[in-house]
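Here's the structure, in structure tokens; my notes come after.
The values are calculated or read from the model by the stated rules, or taken from the named source; none is laboratory data. Quick caveat: nothing in here was measured; it's all calculated off a predicted structure. FYI the Cβ positions are ideal-geometry reconstructions off the backbone, even for glycines, and counts take in every protein chain you see. For the accessible areas, the whole protein counts, side chains as well, though only heavy atoms, and no ligand, DNA or RNA atoms are used. Shrake-Rupley method; radii C 1.70, N 1.55, O 1.52, S 1.80 Å.
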Amino acid sequence: MLGRTAGGLYWMFRYLERSENIAWLLEAGMRIALTNSLELDDEWDSVLLTAGQRMAYVERHDEVEPAAVIDFLLRDQHNPSSVRSVVELARNNAREVRTALTREVWEATNATWLAVADALRRPVPTRDLPRVLSLIRQESAYVRGALHGTMLRNDIYNFSRLGTFLERADNTARILDVKYYVLLPSPLDVGGQLDNAQWETILRSVSAQRAFRWRNGGNVTAWGIADFLILDRQMPRSLLFCYERIDRNLAHLATDYAQQHKSHELSHNLRLRLADRSIDEIIEYGLHEFLSECIRAGNELGISIEHDYRFDC
Amino acid sequence: MRLSITHTTKYRFDEPVPYGLLELRLCPRSGPTQDVEWWDTQILAGQRQVRFTDHHRNVVELVRVEPGATETIVIATGDVVTTDTAGVIGPDQGANPPWLYERSTKLTAPGPNVRRLARSADRDVADLDVLHGLSAAVRDAIDYVPGITEVDTPADAVLEAASGVCQDHAHVFVAAARVLGFPARYVSGYLFVEGGQEEASHAWAEVSVEGLGWVGFDIANQISPDRRYVCLAVGLDYREAAPISGVRRGAGGETLEVDVSVTEQGSAQQ
Amino acid sequence: MEPREGFFDEMYGLAGNVRAPYRAYGNWFADEQPRRLLAKTAEAERVFRRTGITFNVYGDDEAEERLIPFDIVPRILGASEWATIERGVQQRVRALNAFLHDVYHRREIFKAGRIPVGLVADNAAFLPVMLGQSPPGGVYTHIVGVDIIRSDEGRFMVLEDNCRTPSGVSYMLENRETMMQMFPELFAGRRIRPVGDYPQNLRTSLEASAPPAADGPAVLAVLTPGIHNAAYFEHAFLADQMGAELVEARDLEIVDGRVAMRTTEGPLRIDVLYRRVDDDYLDPLVFRPDSVLGVPGIMDVYRVGGITIANAPGGGIADDKAIYSYVPEIIEFYTGEKPILDNVPTWRCSEPESLGYVLEHLSELVVKEVHGSGGYGMLVGPAASKRELREFRKKLQTRPANYIAQPTVALSTVPVLTRAGLAPRHVDLRPFALVAPGRVQVSPGGLTRVAMKKNSLVVNSSQGGGTKDTWVVDD
């Protein structure tokens, strides 16, 4: 496979994952806005922060204002990470790697682009927001479905999955990192119940509120959430889950190509960070430090994959 | 005359070069005016890819710069025994049609300036005299001033600037000769200069003249090439006869250092 | 349907009766509900949009992707009509390849005085770098598209040859695919010659021209300028269907004297490159130095037999408009046969007599610039204003050798489906020929391009033209 094709697949799926992640973030932000009138702007500010878009936003806007934030994250063409931009980037990458995709995956991606571009043609009024956000999530689910249902489990698939899981791990780590202070035990509420709205946001941002409840019942603790999003083996957005998938896909590539690279070592190290760790140890080590290191190590791995598999021309 | 030539080209790159190519026309071939006794091209931090003889019968080599190199050096060296034929090379050995050398190229396109110059030539004399006249007119029109023109300055723009180097003289002459209906070509090579301080890389022109075949004209020096000249490559213009041309990927600048030495060997015995 | 007066209709001929090749289709059509058919048209459009069968148009601000209109009424050719076209195209393509070999080697045809050498000597499409160069297998034009029209008497004539990088074959294939999905009943029990094997034939044919350096099964790749190219869809489509890698220049490098693509596992040599990049841009070391679409060094590798470039560089001299009028001579010179397909009558303005005629009849003629392509530098006499005529007259008088002139040819019509039922629209036909050493294969039918506007003679997709499925059926 061409290095450029591998890169195209990787980025196509990173962008698709990003579009979905932004949709979830907005969903969570909107929910807060409906249920909690206090600290509203703070909430949108942290949405921007989590999306990694606060700097870019501040450059274009004087104040953090809900409608502007929503528009910036959904539609702004000057924002390379807006849903509209990333879906277009995903589709352009798909066009470039079209020969590596099944007809179903290509058509699902093309249809996603057509539908999302159409839905985001004009500013989205608040009453339409739920519908539009659900459309974005649905469309990206079609692509995922086509990928799982029709693609060979070969190197093409591996690069696609690497893109997905590196983006997802990055997103989960950011969400936790931005909210880490909420999760920190304070002298007042060690082991106590968290503020309803706060944990809702975190779980909603990764679409995990129901999964969490199944797992933990009504017992919502800071450590419980951190444990769930970092160390749960079955939660598809947890760091451990993502790192394991990354490692597995890289291992397939190593076998297929009979080539070991620096990426394999980095990925192995990334998994070791979590292996046999308990959440107590992580929090004792320092949650913020730990998450920052994860984010940094993830970036380093991404760059190494690009290099090892000759994404760049 | 036996001339010893060493032509060193050094590329220095600010950043390691991921991918780069050099195309060499650095191998003189024997002919009526020169006999190549031996010749060798060494390449440091680069690998030869292909070697062939092109349609002008130049030997061409394609070299890939060693990936990650920050410096590549090409050293061409050898001995050539030359003969004075008063600039006459004779008919072509190759199978090229004569009209090939009447085709203009981007660098030799006949713009208004070139046409005006060609029109000014005295046509009522023998072919050789027409060309000598044209050569003098070109030399008069362009002062030798380095640094004004670039390697890709077209003939018409050279006349506009009224200054240039030997390459520009050759381009303008070739372009004007073609306007007058003569097949003409560009020559790159070496010039032996007593004392050896001057630029030893040189460029001149050849024109196909009825009854004589190819005849050389050194416009810059206003003479016919003699024993001091070694022809390296010919082409429709500089691009087709350049001793080295290159392309590369990667950021950062580069510096190019060229050193050519041409010395007379065994002159003491002659 | 009311046929257009004075034009040959593929379905109704001149007399208005359904012609033999269309009989079965005509019966089927008569039983169909127009509303259902219109709905099918809309459905086809959705399929094309979803599949991304689009071409790019460069607008003022950004590149826009457009659909080429598709009409569901097929263009149908009978077996004997087709046999003539097929043999004619084969003969023509063989002759053009022989001509190219001659041009770059011994140049006998000029020595014999059959063509003025000046047409080649000054021609930008002639590439000196190809002099003495024999492409692997002796094939210059691996893929040729010949544009054919049908006159008012129903006679086929060649309007243009495309020896560089003819496009449109993906539409031929997708149109058939779409028709079979939408109207399976039309194909059941009818002998419509299949076209679906084209990609495999293309592959086999390219493999047969592998270079001397190839060892083992030939590695094929399609070189595209990238996703912004108008025909990108086709490049991806063909690569996909052939099982070849779709590459851009930035994917390629020279390794061990061969052209190789950068893969995830390291460099992989390419034996045959089906390039959809023009000569001018192919190698910045030899042609345009500013080209970023080309592969530096590829011509050097080519010259030592390290790669096959399809079509061979320099083939454009064979389809140049200045050469076109000499193709009948070219056919006779190299094959010793009379041309099976005629040219459209052409006046060469380089010849004083012809120039005189052209200047006198300018308002009736189409004048084309010889080195131009695709309608630029062109004058359509009957449609031109007085001023345009005046300006063109001046151009003709200054540089007559730059122009040829042709009568405004009466393209035949084929019905298209409109809201008001069937209506005649003008068409041409581009059959595709594949050339391998010793073999020329023509895909049955080809691409039918149709002017979607009433009475328009312009079928180019860039100017609103559409396409149709093309059938070859038994007589």
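Some observations on this one:
- Of the helices (runs of 4 or more DSSP H) lying entirely inside region C:59-171, those containing at least 1 residues that are away from every other protein chain (no Cβ under 14 Å), closer than 27 Å to C:MET299 by Cβ and hydrophobic (A, V, I, L, M, F, W, C) are C:79-103.
- When C:GLU391, C:GLU369 are checked against the criterion of being in contact with a helix residue (DSSP H, G or I) (Cβ under 7 Å, 6 or more places away or on another chain), open to solvent by 40 Å² or more (accessible area, probe 1.4 Å), farther than 27 Å from C:GLY16 by Cα and among the acidic types (Asp, Glu), a single residue qualifies: C:GLU369.
- Meets criteria (more than 11 Å from chain A (Cβ to nearest Cβ) and open to solvent by 10 Å² or more (accessible area, probe 1.4 Å)) for C:ASP215: yes
- Applying the condition of being in a helix (DSSP H, G or I) and over 14 Å from C:LEU359 (Cβ atoms) to region C:392-410 and asking which residue is farthest from the chain's Cα centre (by Cα) yields C:ALA401.
- Extreme residue, farthest from B:SER224 (Cα to Cα), among residues of region B:158-200 that are in contact with a Lys or Arg (Cβ under 8 Å, 6 or more places away or on another chain) and of a type in the set (Val, Ile, Thr): B:VAL179
- Any hit, region B:123-139, residues being in a helix (DSSP H, G or I), under 22 Å from the mean Cα position of the chain (by Cα), basic (Lys, Arg) and surrounded by fewer than 20 Cβ atoms within 10 Å (Cβ to Cβ): yes
- Test: B:ALA205 is closer than 18 Å to B:ARG25 by Cβ and not aromatic (Phe, Trp, Tyr): yes
- Residue check, A:TRP44 more than 14 Å from chain C (Cβ to nearest Cβ) and more than 30 Å from A:ASN158 (Cα to Cα): yes
- Whichever residue in region B:54-103 is more than 30 Å from C:ILE254 (Cβ to Cβ) and within 9 Å of another protein chain (Cβ to nearest Cβ) and, among such residues, is surrounded by the most Cβ atoms within 10 Å (Cβ to Cβ): B:GLU102
- Tally of residues being closer than 27 Å to C:ASP319 by Cβ, among the aliphatic types (A, V, I, L, M) and either more than 7 Å from every other protein chain (Cβ to nearest Cβ) or in contact (Cβ under 8 Å) with a residue 60 or more places away in the chain (or both) across region C:245-280: 7
- All conditions but one from (1) open to solvent by less than 30 Å² (accessible area, probe 1.4 Å); (2) in a loop (DSSP other than H, G, I, E, B) apply to B:ASP226; the one that does not is (1).
Yes/no matrix, rows are residues, columns are (1) aliphatic (A, V, I, L, M); (2) open to solvent by 20 Å² or more (accessible area, probe 1.4 Å); (3) free of Cβ contacts under 8 Å to residues at least 40 places away in the same chain:
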| residue | (1), (2), (3) |
| --- | --- |
| B:LYS10 | no, yes, no |
| B:LEU21 | yes, no, no |
| B:ARG29 | no, yes, yes |
| B:PRO32 | no, yes, no |
| B:ALA45 | yes, yes, yes |
| B:ARG51 | no, yes, yes |
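- Unmet criterion (only one of (1) more than 11 Å from chain C (Cβ to nearest Cβ); (2) among the basic types (Lys, Arg); (3) touching a helix residue (DSSP H, G or I) at 6+ places or on another chain (Cβ under 6 Å)) for A:ARG98: (1)
- C:GLU207 falls short of the stated requirement of being at the interface with chain A (Cβ under 9 Å from one of its Cβ atoms), open to solvent by 10 Å² or more (accessible area, probe 1.4 Å) and either charged (D, E, K, R) or without any contact (Cβ under 8 Å) to a residue 40 or more places away in the chain (or both).
- From the options A:ARG310, A:ARG277, residue that is more than 17 Å from A:ILE175 (Cβ to Cβ), within 14 Å of chain C (Cβ to nearest Cβ) and of a type in the set (D, E, K, R): A:ARG310
- So B:GLU199, is it within 23 Å of B:LYS106 (Cα to Cα), assigned to a loop (DSSP other than H, G, I, E, B), under 17 Å from the mean Cα position of the chain (by Cα) and assigned by TED's automatic domain parsing to the domain that holds B:TYR101: no
- Output for region B:112-122, where each listed residue is surrounded by 13 or more Cβ atoms within 10 Å (Cβ to Cβ) and part of a helix (DSSP H, G or I): B:ASN113, B:VAL114, B:ARG115, B:ARG116, B:LEU117, B:ALA118
- Looking at B:VAL258, B:VAL179, B:VAL234, B:VAL247, just one residue is within 14 Å of chain C (Cβ to nearest Cβ) and open to solvent by 50 Å² or more (accessible area, probe 1.4 Å), and that residue is B:VAL179.
- Scope region C:224-244; condition buried (at least 22 other Cβ atoms within 10 Å of the Cβ) and within 7 Å of chain A (Cβ to nearest Cβ); matching residues: C:ALA236, C:ALA239
- Qualifying residue in region A:280-287 (condition: farther than 24 Å from A:TYR181 by Cα, open to solvent by 10 Å² or more (accessible area, probe 1.4 Å), in a helix (DSSP H, G or I) and modelled with pLDDT under 95): no
- Counting residues in region A:98-117 that are farther than 18 Å from A:THR172 by Cα, surrounded by 23 or more Cβ atoms within 10 Å (Cβ to Cβ) and of a type in the set (Asp, Glu) gives zero.
- Filtering region A:264-271 for residues that are at pLDDT 90 or above and assigned to a loop (DSSP other than H, G, I, E, B) leaves an empty set.
- Residue satisfying condition, being at pLDDT 95 or above, of a type outside the set (Phe, Trp, Tyr) and in contact with a Cys (Cβ under 6 Å, 6 or more places away or on another chain), within set B:VAL59, B:VAL36: B:VAL59
- Restricting attention to region C:1-26 and to residues that are modelled with pLDDT under 90 and of a type in the set (Gly, Ala, Ser), the residue that is least open to solvent (accessible area, probe 1.4 Å) turns out to be C:GLY16.
- When residues of region A:1-41 are limited to those that are open to solvent by 50 Å² or more (accessible area, probe 1.4 Å) and modelled with pLDDT of 90 or more, the one nearest to the other protein chains (Cβ to nearest Cβ): A:TRP11
- Candidate set: region A:66-79, residues that are of a type outside the set (Gly, Ala, Ser), touching a residue at least 24 places away in the same chain (Cβ under 8 Å) and open to solvent by 20 Å² or more (accessible area, probe 1.4 Å); chosen: the one farthest from A:ARG122 (Cα to Cα): A:PRO66
- Single unsatisfied condition, B:ARG29 versus (1) outside any loop (DSSP other than H, G, I, E, B); (2) away from every other protein chain (no Cβ under 14 Å): (1)
- When A:PHE311 is tested against (1) without any contact (Cβ under 8 Å) to a residue 60 or more places away in the chain; (2) among the aromatic types (Phe, Trp, Tyr); (3) part of a loop (DSSP other than H, G, I, E, B), only condition (1) is not met.
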